[in-house]
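Below is one structure, written out as structure tokens, with a few remarks after it.
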Amino acid sequence: MFVDKTGQDIEFCKEVFVNDNLNATICGLLNGQGGKILFGINENWIIKGVKLNWKELDLFQIDLDNLLWKYIPQIYPENIQLNIMDTFHDNTRKNIIKDLYILELNVYQSNYMGIHLGKNFMAYVRENGQNHCITHQ
């Protein structure tokens, strides 16, 4: 967990999978102040990148969309933004590393006055960079 200078909650992920942890983090950010999830950057802000071909990137986006369709109430495009950025061999930004990316998933605070339920009707909140389930399993 990391909180930047603006107080934004940042989660660092090593692997690009749509799983229960990602669901909990998105749900917690929606139910809180929002934040971002970074794939391919570690907690020390060192760029590692994630190795994905275009097919894998497309499948991640499809899996993410399928996850978000399960949220109650519905998540709107203004609540989620996925940025896919190339990585480079040097600072000139001319030598792109093929199939190595940084993914930034911005989750913006919802205007909904209640609690968002994620996959399997589970609700999460974030406190001190941790996801906490607030529904019974």
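The values are calculated or read from the model by the stated rules, or taken from the named source; none is laboratory data. Just so you know, these numbers come straight off a predicted model, no measurement behind them. Using ideal geometry, Cβ is built from the backbone for each residue, glycine included, and neighbour counts are taken over all protein chains shown.
For beta carbons closer than 8 Å, sequence separation of 6+ or different chains, a first residue in the range 114-137 that is small (Gly, Ala, Ser) and a second that is loosely packed, with under 12 Cβ neighbours inside 10 Å, the qualifying pairs are GLY114/PRO73.
To keep it simple, each residue is scored yes or no on (1) modelled with pLDDT of 90 or more; (2) surrounded by fewer than 19 Cβ atoms within 10 Å (Cβ to Cβ); (3) of a type in the set (Asp, Glu).
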residue: GLU11; (1), (2), (3): yes, no, yes
residue: PHE17; (1), (2), (3): no, yes, no
residue: GLY28; (1), (2), (3): yes, no, no
residue: ILE37; (1), (2), (3): yes, no, no
residue: ILE41; (1), (2), (3): yes, no, no
residue: ASN66; (1), (2), (3): yes, yes, no
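Name every residue in the range 49-77 that is closer than 24 Å to GLN130 by Cα, touching a residue at least 12 places away in the same chain (Cβ under 8 Å) and part of a loop (DSSP other than H, G, I, E, B), in order of residue number. If the condition is that a residue be closer than 24 Å to GLN130 by Cα, touching a residue at least 12 places away in the same chain (Cβ under 8 Å) and part of a loop (DSSP other than H, G, I, E, B), then GLY49, LYS70, TYR71, PRO73, ILE75 are the ones that fit. Here is the figure for the range 116-128: residues that are in a loop (DSSP other than H, G, I, E, B) and in contact with a Phe, Trp or Tyr (Cβ under 9 Å, 6 or more places away or on another chain) total 2.
Taking the stated definitions as given, is LYS98 without any contact (Cβ under 8 Å) to a residue 24 or more places away in the chain, over 23 Å from ILE10 (Cα atoms) and in a strand (DSSP E or B)? Answer is yes for this residue. Could you check how many residues of the range 110-137 are at positive phi and crowded, with 17+ Cβ neighbours inside 10 Å? Count: 0.
The residue that is surrounded by the most Cβ atoms within 10 Å (Cβ to Cβ), counting only those in the range 77-109 that are at pLDDT 85 or above and among the polar types (S, T, N, Q), is ASN79.
For the range 78-93, the candidate set comprises residues that are of a type in the set (S, T, N, Q) and not in a strand (DSSP E or B); within that set, the residue that is nearest to ILE46 (Cα to Cα) is ASN91. Is one or more of the residues making up the range 31-48 assigned to a strand (DSSP E or B) and acidic (Asp, Glu)? There is no residue in the range 31-48 that is assigned to a strand (DSSP E or B) and acidic (Asp, Glu).
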